[in-house]
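Beneath this line is the structure, given in structure tokens, with notes to follow.
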Ligand code: ZN
């Protein structure tokens, strides 16, 4: 079951530069910056209300995010929904013929399980599913 919109991911060339707008000019509060995927991805988390904006930068031009930035430039990259059971959600997507980027969930440095659904199956939108460690 989908619980809520957890965050919106925004692809940026440089997290520090982007914080100049999102933190200082717009007034969002930076929670923390993390290095994910073995240091290849830098992510800044800016919570607002019950959701977050996630600024994502890659150090790997060959990654999905690197290719996205090269092709489309900075901008909205993905939407992330929190789910109560990520395995059940992926099974449901598979049963309905959706193309998955991650057949099994990955785990980030905060212990969240996450998986991406291919934008080809989601009307051009990259969708991420999140399951918190304690749910
Ligand atoms: Zn995300």
Review point. Of the residues 117, 101, 86, which exhibits the maximal mean-square fluctuation in a Gaussian network model of the chain defined by a 10 Å Cα contact cut-off?
Key: 101
Review point. Ranked by Cβ crowding within 10 angstrom, fewest neighbours first, how are 71, 132 ordered?
Key: 71, 132
Point to revise | Likely footprinting exposure, 59, 32, fewest C-beta neighbours within 10 Å first | key: 32, 59
Review point. Given only helices, namely DSSP H runs of n ≥ 4 each adding -39500 (n - 2.57), what is the per-residue ellipticity at 222 nm of the chain, to the nearest 500 deg cm²/dmol?
Key: -5000 deg cm²/dmol
Exercise for review: Could you check how many percent of all C-alpha pairs in the chain are farther apart than 21 Å?
Suggested key: 40 percent
Check your understanding: If one takes the longest principal axis of the Cα atoms in the chain, at what angle in degrees, from 0 to 90 and to the nearest 10, does the Cα axis of helix 86-95 lie?
Key -> 60 degrees
Point to revise | Selected from 84, 17, 102 as most flexible by GNM, with the chain as the system and alpha-carbon contacts under 10 Å | key: 17
Point to revise | Highest-fluctuation residue, 44, 18, 70 considered, GNM on the chain with Cα pairs under 10 Å | key: 70
Practice item. Give the order of 45, 68 when sorted by the count of other beta carbons within 10 angstrom, beginning with the fewest. Key: 45, 68
Practice item. Could you compute the FRET efficiency for residue 91 and residue 51, with r as their C-beta to C-beta distance and R0 at 25 Å, rounded to 0.05? Key: 0.45
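Read the figures in this text as sums done on the coordinates, not as results from a lab. If you're wondering where the values come from, they're calculated on a predicted model, not measured in any experiment. Because the Cβ atoms are built from the backbone with ideal geometry, glycine has one as well, and the counts that use them run over all protein chains shown.
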